[in-house]
Amino acid sequence: MIELAKEYITEIFKVTRELNDVIVIDRPEIAALLKAKQSIALQHGINFLVRVDCNISMLKIKPHELVRVIGNIIDNAFDETQNLMAPKM
């Protein structure tokens, strides 16, 4: 029983720590999107690493359109990852 409690606490701590990591990016709407997608990935057992190596503040696209494009790309990647993780029949 104690071992199960330790495992539970360890898992909760891991999830909480991962969700509390701050994503630093110059577009707050993209940071919010990435945090939301990180949470979804965690729930589905998908390893989702966020690394932004470019300055996106110079893009000439409306924020809501950029969120839609990036969100769709990530959703497609998650879908394919889940397809690969699904048991083969």
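Computed from the coordinates by the stated procedures, all read-outs in this text should not be read as laboratory data. Remember, predicted model here, so these are calculated numbers, not experimental data. Methodologically, a virtual Cβ is constructed for each residue, glycine included, from the backbone with ideal geometry; neighbour enumeration extends over all protein chains shown.
Quick notes on this structure:
- Structure-based [θ]222 nm, the chain - -39500 (n - 2.57) summed over DSSP H runs of at least 4, per residue, nearest 500: -22500 deg cm²/dmol
- GNM flexibility winner over the chain from A41, A31, A77 (Cα, springs under 10 Å): A77
- Counting every C-alpha pair in the chain, the share spaced more than 14 angstrom apart comes to 72%.
- For the pair Y8 and A31, label points projected 7 Å from Cα toward Cβ lie 3.5 nm apart.
- Check: the chain dipole with +1 on Lys, Arg Cβ and -1 on Asp, Glu Cβ, in debye: 200
- For the chain, the longest principal axis of the Cα atoms and the long axis of helix 63-85 meet at an angle of about 40 degrees.
- Each of the peptides 5-11, 32-38 was scored by the mean count of other Cβ atoms within 10 Å over its residues; in descending order, highest first, they stand as 32-38, 5-11.
- I56 long-range amide H proximity, modeled H, under 5 Å: D26
- Residue pairs exceeding 24 angstrom between C-alpha atoms, taken from K37/K88; K14/K37; K6/K37; K6/K88: K37/K88; K6/K37; K6/K88.
- Each Lys or Arg adds one and each Asp or Glu subtracts one; over the other residues with Cβ under 12 Å from the Cβ of K62, this totals +1.
- Look at the dipole of the chain built from charges on Cβ: of I23, V67, H44, the Cα furthest out on the positive end belongs to V67.
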